[in-house]
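**Q** Here it is, the structure, as C-alpha coordinates.
The values are calculated or read from the model by the stated rules, or taken from the named source; none is laboratory data. Computed from a predicted structure; not experimentally measured. Positions of Cβ are backbone-derived with ideal geometry, glycine not excepted, and every protein chain shown enters the neighbour counts.
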Amino acid sequence: MIIGRPHIHYRSIGSTNERARQAAADGAPGGTLVTAAEQTAGRGRQGRPWSTPAGSAIAWSVLIRQQIELPGTLPLKIGVGVCDAVEALGANGVQMKWPNDIWIGGRKCAGILVEARPREGWAVAGVGLNLSIADDEFPGELRGRATSLGGGVSFGEGVAALNDHVGRRLEAPVEETLALFAERDALKGRQVRWDEGEGTAAGIDRQGNLLVESSAGCLASLNAGEVHLSLPVEDQ
(Lines give C-alpha, C1' and ligand atoms only; values in the text may rest on other atoms or scores of the structure.)
Protein backbone atom coordinates (compact mmCIF):
# COMPACT_ATOMS: atom_id res chain seq x y z
CA MET A 1 0.00 0.00 0.00
CA ILE A 2 1.33 3.43 -0.92
CA ILE A 3 1.10 5.80 2.05
CA GLY A 4 1.39 9.55 1.79
CA ARG A 5 -0.52 10.42 -1.37
CA PRO A 6 -1.90 12.83 -0.32
CA HIS A 7 0.07 13.92 2.74
CA ILE A 8 -1.44 16.53 5.05
CA HIS A 9 1.05 17.99 7.55
CA TYR A 10 0.56 20.33 10.51
CA ARG A 11 3.05 22.04 12.76
CA SER A 12 0.56 21.56 15.58
CA ILE A 13 -2.82 19.82 15.77
CA GLY A 14 -5.17 18.43 18.38
CA SER A 15 -5.24 14.87 17.02
CA THR A 16 -3.98 13.45 13.71
CA ASN A 17 -6.38 10.51 14.07
CA GLU A 18 -9.31 12.90 14.36
CA ARG A 19 -8.19 14.75 11.24
CA ALA A 20 -7.75 11.47 9.34
CA ARG A 21 -11.27 10.37 10.36
CA GLN A 22 -12.52 13.68 9.01
CA ALA A 23 -10.68 12.99 5.76
CA ALA A 24 -12.36 9.57 5.55
CA ALA A 25 -15.80 11.17 5.98
CA ASP A 26 -14.91 13.63 3.20
CA GLY A 27 -14.12 10.77 0.81
CA ALA A 28 -10.31 10.89 0.88
CA PRO A 29 -8.56 7.90 -0.70
CA GLY A 30 -6.84 5.10 1.14
CA GLY A 31 -3.24 5.97 1.89
CA THR A 32 -4.07 9.54 2.90
CA LEU A 33 -1.56 10.52 5.57
CA VAL A 34 -1.89 13.12 8.33
CA THR A 35 1.21 14.06 10.32
CA ALA A 36 2.10 16.66 12.92
CA ALA A 37 5.23 17.77 14.72
CA GLU A 38 3.14 18.58 17.78
CA GLN A 39 -0.10 16.99 18.97
CA THR A 40 -2.00 18.58 21.83
CA ALA A 41 -4.98 16.24 22.29
CA GLY A 42 -3.65 12.84 21.24
CA ARG A 43 -5.19 9.67 22.61
CA GLY A 44 -3.97 6.17 23.17
CA ARG A 45 -5.87 2.98 23.82
CA GLN A 46 -8.86 3.21 26.20
CA GLY A 47 -8.79 7.02 26.02
CA ARG A 48 -5.40 7.48 27.68
CA PRO A 49 -3.66 10.76 26.71
CA TRP A 50 -0.66 10.55 24.37
CA SER A 51 1.74 13.48 24.36
CA THR A 52 3.59 14.57 21.21
CA PRO A 53 5.90 17.43 22.25
CA ALA A 54 6.89 19.93 19.56
CA GLY A 55 10.02 18.97 17.68
CA SER A 56 10.78 15.72 19.49
CA ALA A 57 8.16 13.20 18.33
CA ILE A 58 6.01 12.19 15.35
CA ALA A 59 2.21 12.02 15.24
CA TRP A 60 1.32 9.91 12.18
CA SER A 61 -2.14 8.72 11.04
CA VAL A 62 -3.04 6.88 7.85
CA LEU A 63 -6.44 6.22 6.30
CA ILE A 64 -6.92 2.58 5.25
CA ARG A 65 -9.73 1.62 2.90
CA GLN A 66 -10.17 -2.14 2.84
CA GLN A 67 -12.31 -4.86 4.36
CA ILE A 68 -11.98 -4.51 8.13
CA GLU A 69 -12.52 -7.39 10.55
CA LEU A 70 -12.99 -7.00 14.30
CA PRO A 71 -11.23 -8.57 16.06
CA GLY A 72 -8.54 -8.84 13.44
CA THR A 73 -4.85 -8.61 12.68
CA LEU A 74 -4.79 -5.02 11.38
CA PRO A 75 -3.25 -3.67 14.65
CA LEU A 76 -0.60 -6.41 14.44
CA LYS A 77 0.22 -5.48 10.84
CA ILE A 78 0.63 -1.86 11.86
CA GLY A 79 2.69 -2.85 14.90
CA VAL A 80 5.07 -5.13 13.01
CA GLY A 81 5.48 -2.40 10.38
CA VAL A 82 6.36 0.14 13.07
CA CYS A 83 8.86 -2.30 14.59
CA ASP A 84 10.49 -2.72 11.17
CA ALA A 85 10.61 1.07 10.72
CA VAL A 86 12.13 1.70 14.15
CA GLU A 87 14.73 -0.99 13.52
CA ALA A 88 15.54 0.45 10.09
CA LEU A 89 16.15 3.79 11.78
CA GLY A 90 18.89 2.28 13.92
CA ALA A 91 17.27 0.83 17.05
CA ASN A 92 18.02 -2.61 18.47
CA GLY A 93 15.91 -4.87 20.67
CA VAL A 94 12.61 -3.72 19.14
CA GLN A 95 9.52 -5.62 20.33
CA MET A 96 5.74 -5.24 20.34
CA LYS A 97 3.77 -5.49 23.56
CA TRP A 98 0.26 -6.60 22.64
CA PRO A 99 -1.94 -4.89 21.75
CA ASN A 100 -0.41 -1.51 20.87
CA ASP A 101 2.98 -0.65 22.39
CA ILE A 102 6.36 -0.70 20.67
CA TRP A 103 9.34 -1.25 22.96
CA ILE A 104 13.05 -0.58 22.64
CA GLY A 105 14.97 -2.49 25.27
CA GLY A 106 11.83 -3.01 27.34
CA ARG A 107 10.72 0.64 27.31
CA LYS A 108 7.91 2.15 25.24
CA CYS A 109 9.01 4.28 22.28
CA ALA A 110 5.79 4.26 20.25
CA GLY A 111 2.07 3.67 20.63
CA ILE A 112 -0.59 2.62 18.14
CA LEU A 113 -4.29 3.45 18.00
CA VAL A 114 -6.46 1.81 15.34
CA GLU A 115 -10.00 3.15 14.97
CA ALA A 116 -12.06 1.06 12.57
CA ARG A 117 -15.41 1.55 10.84
CA PRO A 118 -16.03 -1.92 9.32
CA ARG A 119 -19.45 -1.09 7.89
CA GLU A 120 -18.00 1.89 6.07
CA GLY A 121 -14.94 -0.04 4.89
CA TRP A 122 -12.20 2.04 6.44
CA ALA A 123 -9.92 2.40 9.41
CA VAL A 124 -7.52 5.01 10.70
CA ALA A 125 -4.24 3.80 12.17
CA GLY A 126 -2.39 6.31 14.32
CA VAL A 127 1.20 6.04 15.50
CA GLY A 128 2.98 8.22 18.03
CA LEU A 129 6.76 7.78 17.83
CA ASN A 130 9.19 9.40 20.27
CA LEU A 131 12.23 10.73 18.43
CA SER A 132 14.27 12.70 20.94
CA ILE A 133 12.40 13.15 24.23
CA ALA A 134 14.94 13.11 27.06
CA ASP A 135 14.28 10.75 29.97
CA ASP A 136 13.66 13.64 32.37
CA GLU A 137 11.15 15.22 29.97
CA PHE A 138 8.66 12.36 30.26
CA PRO A 139 5.81 12.71 32.78
CA GLY A 140 6.69 11.25 36.16
CA GLU A 141 4.58 8.13 35.70
CA LEU A 142 6.45 7.28 32.47
CA ARG A 143 10.02 7.87 33.58
CA GLY A 144 11.96 4.64 33.38
CA ARG A 145 9.16 3.09 31.29
CA ALA A 146 9.33 5.25 28.14
CA THR A 147 12.18 6.03 25.77
CA SER A 148 12.97 7.68 22.43
CA LEU A 149 14.50 6.49 19.18
CA GLY A 150 17.49 8.82 19.47
CA GLY A 151 20.39 8.72 17.05
CA GLY A 152 19.60 12.10 15.53
CA VAL A 153 16.76 10.75 13.36
CA SER A 154 14.85 13.62 11.75
CA PHE A 155 11.09 14.01 11.49
CA GLY A 156 11.22 13.43 7.73
CA GLU A 157 13.31 10.29 8.06
CA GLY A 158 10.93 8.89 10.64
CA VAL A 159 7.85 9.56 8.51
CA ALA A 160 9.48 8.04 5.42
CA ALA A 161 10.37 4.86 7.33
CA LEU A 162 6.83 4.51 8.72
CA ASN A 163 5.33 5.07 5.26
CA ASP A 164 7.57 2.43 3.71
CA HIS A 165 7.44 -0.33 6.31
CA VAL A 166 3.81 0.00 7.42
CA GLY A 167 2.76 0.22 3.76
CA ARG A 168 4.54 -3.05 3.00
CA ARG A 169 3.09 -4.78 6.03
CA LEU A 170 -0.50 -3.82 5.12
CA GLU A 171 -0.18 -5.88 1.94
CA ALA A 172 1.42 -8.94 3.55
CA PRO A 173 -0.39 -12.25 4.19
CA VAL A 174 -1.77 -12.82 7.68
CA GLU A 175 0.47 -15.87 8.23
CA GLU A 176 3.57 -13.77 7.54
CA THR A 177 2.44 -11.07 9.95
CA LEU A 178 1.75 -13.60 12.71
CA ALA A 179 5.15 -15.22 12.22
CA LEU A 180 6.96 -11.88 12.36
CA PHE A 181 4.95 -10.79 15.38
CA ALA A 182 5.91 -14.00 17.19
CA GLU A 183 9.59 -13.03 16.76
CA ARG A 184 8.90 -9.66 18.41
CA ASP A 185 6.32 -10.71 21.01
CA ALA A 186 7.28 -8.90 24.22
CA LEU A 187 4.64 -10.64 26.34
CA LYS A 188 5.14 -14.29 25.50
CA GLY A 189 6.08 -16.22 28.63
CA ARG A 190 5.35 -13.28 30.95
CA GLN A 191 2.76 -13.20 33.69
CA VAL A 192 -0.15 -10.91 32.78
CA ARG A 193 -3.26 -9.81 34.63
CA TRP A 194 -6.65 -8.67 33.41
CA ASP A 195 -9.99 -7.86 35.00
CA GLU A 196 -11.05 -11.48 35.42
CA GLY A 197 -7.81 -13.30 36.12
CA GLU A 198 -4.13 -13.80 35.42
CA GLY A 199 -1.90 -16.21 33.58
CA THR A 200 1.06 -16.63 31.26
CA ALA A 201 0.97 -15.00 27.81
CA ALA A 202 1.17 -17.72 25.17
CA GLY A 203 1.10 -15.89 21.83
CA ILE A 204 -1.59 -14.58 19.48
CA ASP A 205 -4.37 -16.34 17.55
CA ARG A 206 -5.40 -15.69 13.93
CA GLN A 207 -7.94 -13.07 15.02
CA GLY A 208 -5.29 -11.03 16.82
CA ASN A 209 -6.42 -12.04 20.30
CA LEU A 210 -3.97 -12.70 23.12
CA LEU A 211 -3.72 -16.30 24.27
CA VAL A 212 -3.17 -16.73 28.01
CA GLU A 213 -2.54 -19.99 29.84
CA SER A 214 -3.75 -20.24 33.45
CA SER A 215 -2.12 -22.22 36.25
CA ALA A 216 -4.85 -24.80 35.76
CA GLY A 217 -3.76 -25.31 32.15
CA CYS A 218 -6.78 -23.60 30.59
CA LEU A 219 -6.21 -21.38 27.55
CA ALA A 220 -8.07 -18.04 27.40
CA SER A 221 -8.40 -15.80 24.35
CA LEU A 222 -8.45 -12.08 25.21
CA ASN A 223 -9.83 -9.40 22.89
CA ALA A 224 -7.92 -6.11 23.01
CA GLY A 225 -11.14 -4.12 22.85
CA GLU A 226 -12.55 -5.80 25.95
CA VAL A 227 -9.54 -6.22 28.22
CA HIS A 228 -7.55 -3.91 30.47
CA LEU A 229 -4.23 -5.72 30.65
CA SER A 230 -1.42 -5.14 33.11
CA LEU A 231 1.96 -6.61 33.94
CA PRO A 232 3.33 -7.12 37.43
CA VAL A 233 5.02 -3.91 38.60
CA GLU A 234 8.50 -5.32 38.22
CA ASP A 235 7.85 -6.10 34.52
CA GLN A 236 6.32 -2.76 33.49
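**Q** Would you tally the residues in segment 102-139 being without any contact (Cβ under 8 Å) to a residue 12 or more places away in the chain and acidic (Asp, Glu)? If you could, list the steps in order and put the result at the bottom.
**A** Of the residues in segment 102-139, the ones without any contact (Cβ under 8 Å) to a residue 12 or more places away in the chain are 119, 136, 138.
Still in the list and also acidic (Asp, Glu): 136.
Selection size over segment 102-139: 1.
**Q** Looking for something among the aromatic types (Phe, Trp, Tyr) and farther than 17 Å from residue 93 by Cα - is there at least one such residue anywhere in segment 137-145? Steps first, answer last, please.
**A** Start the filter on segment 137-145 by keeping residues that are among the aromatic types (Phe, Trp, Tyr), which leaves 138.
Keeping just the survivors that are farther than 17 Å from residue 93 by Cα gives 138.
Among the residues of segment 137-145, at least one is among the aromatic types (Phe, Trp, Tyr) and farther than 17 Å from residue 93 by Cα, which makes the answer yes.
**Q** I've got another one for you. Taking only segment 146-158 into account, find how many residues are touching a strand residue (DSSP E or B) at 6+ places or on another chain (Cβ under 8 Å) and either more than 16 Å from residue 53 (Cα to Cα) or outside the structural domain of residue 36 (by TED's automatic domain parsing) (or both). Talk me through it step by step, then tell me what you get.
**A** From segment 146-158, those touching a strand residue (DSSP E or B) at 6+ places or on another chain (Cβ under 8 Å) are 146-149, 155, 158; that's our starting set.
Within this subset, residues satisfying the condition of being either more than 16 Å from residue 53 (Cα to Cα) or outside the structural domain of residue 36 (by TED's automatic domain parsing) (or both) are none.
Qualifying residue count for the region: 0.
**Q** Taking into account only those residues within segment 24-36 that are surrounded by 20 or more Cβ atoms within 10 Å (Cβ to Cβ) and aliphatic (A, V, I, L, M), which is nearest to residue 53 (Cα to Cα)? Steps first, please.
**A** First, the residues of segment 24-36 that are surrounded by 20 or more Cβ atoms within 10 Å (Cβ to Cβ): 24, 32-36.
When the remaining residues are screened for being aliphatic (A, V, I, L, M), the result is 24, 33-34, 36.
Working: 24: 26, 33: 20, 34: 17, 36: 10 Å.
Ranking the candidates gives 36 first.
**Q** In this structure, does residue 86 turn out to be touching a Cys at 6+ places or on another chain (Cβ under 7 Å) and in a helix (DSSP H, G or I)?
**A** On the way: touching a Cys at 6+ places or on another chain (Cβ under 7 Å): yes; in a helix (DSSP H, G or I): yes.
When the stated conditions are applied, residue 86 passes them.
**Q** Residues that are at pLDDT below 95, surrounded by fewer than 21 Cβ atoms within 10 Å (Cβ to Cβ) and among the basic types (Lys, Arg): does segment 151-168 have at least one?
**A** No, segment 151-168 has no match at all.
**Q** Mind listing just one residue for me: the one in segment 129-150 that is part of a loop (DSSP other than H, G, I, E, B) and hydrophobic (A, V, I, L, M, F, W, C) and, of those, surrounded by the fewest Cβ atoms within 10 Å (Cβ to Cβ)?
**A** 134
**Q** Starting from residues that are aliphatic (A, V, I, L, M) and under 30 Å from residue 2 (Cβ atoms), keep the ones in segment 172-192 and report whichever is modelled with the lowest pLDDT. Even if it seems obvious, please write down each step before you answer.
**A** We begin by selecting, within segment 172-192, every residue aliphatic (A, V, I, L, M); these are 172, 174, 178-180, 182, 186-187, 192.
Filter again for under 30 Å from residue 2 (Cβ atoms), leaving 172, 174, 178-180, 182, 186.
Numbers: 172: 93, 174: 90, 178: 94, 179: 95, 180: 95, 182: 95, 186: 94.
This residue is 174.
**Q** Sticking with this one: Restricting segment 1-16 to residues that are surrounded by 15 or more Cβ atoms within 10 Å (Cβ to Cβ) and of a type in the set (A, V, I, L, M, F, W, C), which is nearest to residue 67 (Cα to Cα)?
**A** Among those that are surrounded by 15 or more Cβ atoms within 10 Å (Cβ to Cβ) and of a type in the set (A, V, I, L, M, F, W, C), it is 1.
**Q** Same structure, new question: Looking at the structure I just gave you, is residue 108 among the charged types (D, E, K, R) and part of a strand (DSSP E or B)?
**A** Working: among the charged types (D, E, K, R): yes; part of a strand (DSSP E or B): yes.
For residue 108, the condition - among the charged types (D, E, K, R) and part of a strand (DSSP E or B) - is met.
**Q** Can you report the number of residues in segment 66-101 which are more than 16 Å from residue 210 (Cβ to Cβ) and either without any contact (Cβ under 8 Å) to a residue 24 or more places away in the chain or among the acidic types (Asp, Glu) (or both)?
**A** 5
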